[in-house]
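The values are calculated or read from the model by the stated rules, or taken from the named source; none is laboratory data. Only a predicted model underlies this, so the values are computations on that prediction, with no experimental measurement involved. Reconstructed Cβ throughout: ideal geometry from the backbone, glycine too, with neighbour counts over all protein chains shown. Note: areas computed on protein heavy atoms with side chains; ligands, DNA, RNA excluded. Shrake-Rupley method; radii C 1.70, N 1.55, O 1.52, S 1.80 Å.
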Amino acid sequence: MPVVTLEPTITIALSVRDRHASAKWYGDNLGSDVLYHADEAGWSELQTMTEGVTLGLGEQTEPSPGNTVPVFGVADIASARSALEGVGVKFDGPTETVEGMVSTATFYDPDGNALMIAQDLTS
């Protein structure tokens, strides 16, 4: 039995220079639809052609190509984080919250790959 129960969604987070231009590129070339642009948070989210899979575009001045982070949805980030920490999973700093939007926590697999859990706070 898994340590954490995940929601049936995943967001692939990408670092980009210009979220609006990138969103247009993903729409024009891969058929992704913009779900929203959260300009105050520097974040855009797009629905891919795959059910339950979204692309999250985070703006950075100098993004690192290949810096892709899978973001797994959870119903309760505090209990999910506690369960993972309980089995020795290493986290990168505290859980971060954008009020009314999302809480996230970055952690690492045994090979140092960054992963993230996120609780949707919009509903």
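Name the pairs whose Cβ atoms lie under 7 Å apart, with the first residue in the range 28-41 and modelled with pLDDT of 95 or more, the second of a type in the set (Lys, Arg), and 6 or more positions between them or separate chains?
Every condition considered, the pairs that remain are 37/19.
Among the residues of the range 56-88 satisfying the criterion of being in contact with an Asp or Glu (Cβ under 9 Å, 6 or more places away or on another chain) and more than 16 Å from residue 119 (Cα to Cα), which is most open to solvent (accessible area, probe 1.4 Å)? Show your work before the answer.
Just the residues of the range 56-88 that are in contact with an Asp or Glu (Cβ under 9 Å, 6 or more places away or on another chain), to begin with: 56-57, 59, 72-75.
Next cut, more than 16 Å from residue 119 (Cα to Cα) only: 57, 59.
Working: 57: 0, 59: 84 Å².
For the range 56-88, the residue satisfying everything is 59.
Filter the range 1-17 for residues that are of a type outside the set (S, T, N, Q) and either within 18 Å of residue 70 (Cα to Cα) or at pLDDT 95 or above (or both) and give the result. Before you say what the answer is, go through the steps one by one.
Our first condition is that a residue be of a type outside the set (S, T, N, Q); within the range 1-17, this holds for 1-4, 6-8, 10, 12-14, 16-17.
Listed by number, the residues that qualify are 2, 3, 4, 6, 7, 8, 10, 12, 13, 14, 16.
Got a number for residues in the range 95-123 being in a loop (DSSP other than H, G, I, E, B) and touching an Asp or Glu at 6+ places or on another chain (Cβ under 9 Å)? So that I can check it myself, show each step before the final result.
First pass over the range 95-123, keeping only residues in a loop (DSSP other than H, G, I, E, B): 95, 99-101, 109-113, 121-123.
From what's left, touching an Asp or Glu at 6+ places or on another chain (Cβ under 9 Å): 101, 121.
Number of matching residues: 2.
Yes or no: residue 16 farther than 22 Å from residue 1 by Cβ and either open to solvent by 40 Å² or more (accessible area, probe 1.4 Å) or among the hydrophobic types (A, V, I, L, M, F, W, C) (or both)?
On the way: farther than 22 Å from residue 1 by Cβ: yes; either open to solvent by 40 Å² or more (accessible area, probe 1.4 Å) or among the hydrophobic types (A, V, I, L, M, F, W, C) (or both): yes.
Taking the combined requirement at face value, the residue satisfies it.
Find all pairs meeting these conditions: Cβ atoms under 9 angstrom apart; at least six residues apart or on different chains; first residue within the range 48-71 and on the phi < 0 side of the Ramachandran plot; second residue loosely packed, with under 10 Cβ neighbours inside 10 Å.
Correct list of pairs: 51/8.
Just to be sure, is residue 73 within 20 Å of residue 99 (Cα to Cα) and either out of contact with any Ser or Thr (no Cβ under 8 Å at 6 or more places or on another chain) or not acidic (Asp, Glu) (or both)?
Numbers: within 20 Å of residue 99 (Cα to Cα): yes; either out of contact with any Ser or Thr (no Cβ under 8 Å at 6 or more places or on another chain) or not acidic (Asp, Glu) (or both): yes.
So residue 73 passes the test.
Take the range 27-44 and flag every residue that is in contact with a Ser or Thr (Cβ under 6 Å, 6 or more places away or on another chain) and open to solvent by less than 30 Å² (accessible area, probe 1.4 Å). Spell out how you get there, then give the answer.
Going through the range 27-44, the residues in contact with a Ser or Thr (Cβ under 6 Å, 6 or more places away or on another chain) turn out to be 32, 37.
Scanning the range 27-44 gives a single hit, 32.
Quick one: how many residues across the range 1-32 are in a loop (DSSP other than H, G, I, E, B) and basic (Lys, Arg)? Outline the logic, then answer.
Taking the range 1-32 as the starting set, the residues that turn out to be in a loop (DSSP other than H, G, I, E, B) are 1-9, 17-18, 31-32.
Pick out the ones that are also basic (Lys, Arg) and you get 17.
Final tally of qualifying residues: 1.
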